[in-house]
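Accompanying notes for the structure given below.
The values are calculated or read from the model by the stated rules, or taken from the named source; none is laboratory data. Keep in mind that what you see is a predicted model, and the values were worked out from it rather than measured. Heads up, the Cβs are rebuilt from the backbone with ideal geometry, glycines too, and the neighbour counts pull from every protein chain shown.
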Amino acid sequence: MATQQDERGVPLSVAHELQQFRLVELPPEIAELLEAPNPPALSIKSQAPSAPSGTPNPKAAYAVLCTQDKTFQLRQVQTSNSLFVTQPALESHASEPSVPTTRVIASCTATLELHPADGAAASSLEELLPIYHVVGGEVDATENHKSKASIFADIALSDGQCEQAWNELVAFELAGSSYRPSASTLSHVWSSLNAAALAEGVRLESQFQTDHLAQLVEEEGYPATLAPAIFRRLAKDDQDTTGPWSSLDRTKAVSFVGKTLLEAKHGGADYLTADFLDAWKDSLPEAWRTDAELKTIAGAYDLPSSSTIRAKSKTAAATNAEITTPKPVSSTGKWHERFGKNRKK
Amino acid sequence: MHGPAKRVASAPPTPSHFQASNAPTPTILPELSIVTGLSLDSIRHQNCFAMPTIPLHPRPLNASSPTENPLPPLLHTPTGLALLELQGTIHFPPPTASPLPSTQVGKLVFPLYNPALNGPDDTKWMKRVYFYVGQNQRMTGEVKKLGKPFAVIRKRETYGEDVDVGGVEGGREGKRAKEEVEVVEIVRWKIVFSSRPEPVGGSEEGG
């Protein structure tokens, strides 16, 4: 401590070999995370695939920083001032005795800022996952030879956000590839599930053995991993989806079955609203039938006429969401609400 | 970000010298290699087909324990790293044939720092820091709390075990470094010199 008051001050030196450091400005939540007793590992991912190395103008691949469940866009800010990183060192100059010195060991001309990024993990996943479609017992699907982990590595979002979108799409792994089921396949698997539950006296709202029902569905010719994917998608919020037990959230399930049925019919002939409601009710456990009302799938359908119904086009929905997200809530209407709800699930 | 030898080409013969700059502050979206300081080719090599994901470890692997830190305790960090901001660049003669790892360019003086007299909680001393550059220039600055703390990150020095070490190259050169980065330190304060240096008499010292 004597050194600081010493008239001679604190010697400042510059290392001849500067080190390479980056300075990252930390938002409070990241600072908190890093300073916790057992901080989690973070990762830096790339936004888009780059062109092969050696290309004169490789496509920009913006970097993002990911925590377990959040994503931050990295921005590089040039500083007009020089920022030096210093480290204490014992130095002796001009044959004087060694003194504690502050040594510049790195010089930074830019700093990095972190900005929260809300990417649409679901749309990225939809692009990367081939559709798994079963028609009349025949599987129609193109293998992508990619595991869930390698798919997540290709999306510049946190694993938590990818996982959420993965569950949202009822995606599943099968024989080294990953897929998302078509609405019609989902609809069939659900029917098979519902029938199996009825036959076995399983109440889907209470705890049941995941494997038991999944096996019954597999016997119908569906992938063994698909039924558990549906259970995860429809699990109660407090349900541990990694254990051997499942239990479904009634509200989620009723709405999911309705939307799936409607999407499965998408592009087909006119669908009478009354027929749809009947099919919907018939696809649900007896006790849930009364829940099948249009208001539980608000935002997911159009009524092209007074007696017919159809699913809202997914592409239109996606485009809508992209365009409207940055706008104020007032102009986004129910689409914004629907996507907001989906995200929170 | 290069060694000092490169900058020195334009340096005048004064022992050390200060050059002001007023560069704009553009913001860009950096690519992975810029953020991590890793070469894109090595990143790709590691992640053959997938998009690169670089682990950022929250703690350094080899935290060097600092020697005695001459700065006021407020500026101390576990690894001893601190931030110093200057309006400009420090130039100094090339360290040709110097056996020393560094060149002394000046000294920092905290003229109001006196915990014995003002108590350990005194913060007034932060308002004034002098940086004497060479014999006859002095900058006046202060110690400031950063609006947001800075993480100092660097490439993690680890070497793969599975790479062939023998052959002509041998040693560390032959091993391929794993592409990972780590947070070395989180810094909350900086010493800032935002004004240009003023001339002072060579013998005037300590404020």
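Only one of the listed residues (B:PHE193, B:PHE131) is facing another protein chain (nearest Cβ under 9 Å), at pLDDT 85 or above and over 17 Å from A:CYS108 (Cβ atoms). That residue is B:PHE131. Across the range B:110-129, a minimum of one residue is classified as touching a Ser or Thr at 6+ places or on another chain (Cβ under 9 Å) and among the aliphatic types (A, V, I, L, M). When each of A:SER147, A:SER178, A:SER246, A:SER158 is tested for being in contact with a helix residue (DSSP H, G or I) (Cβ under 6 Å, 6 or more places away or on another chain), of a type in the set (Gly, Ala, Ser) and more than 28 Å from A:THR296 (Cα to Cα), the lone residue that passes is A:SER178.
Of all residues in the range A:199-217, those being hydroxyl-bearing (Ser, Thr, Tyr) and surrounded by fewer than 13 Cβ atoms within 10 Å (Cβ to Cβ) number 1. Among the candidates A:GLU127, A:GLU113, A:GLU173, A:GLU143, the residue that is within 14 Å of chain B (Cβ to nearest Cβ) and outside any helix (DSSP H, G or I) is uniquely A:GLU113. Screening A:ALA141 on (1) at pLDDT 85 or above; (2) over 20 Å from A:SER247 (Cα atoms) shows it passes everything except condition (1).
Taken over the range B:75-96, the criterion of being at positive phi and either among the aliphatic types (A, V, I, L, M) or at pLDDT below 75 (or both) is satisfied by B:GLY88 alone. Taking the criterion of being part of a helix (DSSP H, G or I) and exposed (fewer than 14 other Cβ atoms within 10 Å of the Cβ), the residues of the range B:97-128 that qualify are B:ALA116, B:LEU117, B:ASN118, B:LYS124, B:LYS127. Screening A:SER158 against (1) within 30 Å of A:TYR62 (Cβ to Cβ); (2) crowded, with 20+ Cβ neighbours inside 10 Å; (3) at pLDDT below 85 leaves a single unmet condition, (3). Against the numbered list (1) modelled with pLDDT of 90 or more; (2) surrounded by 20 or more Cβ atoms within 10 Å (Cβ to Cβ), B:GLU142 comes up short only at (2).
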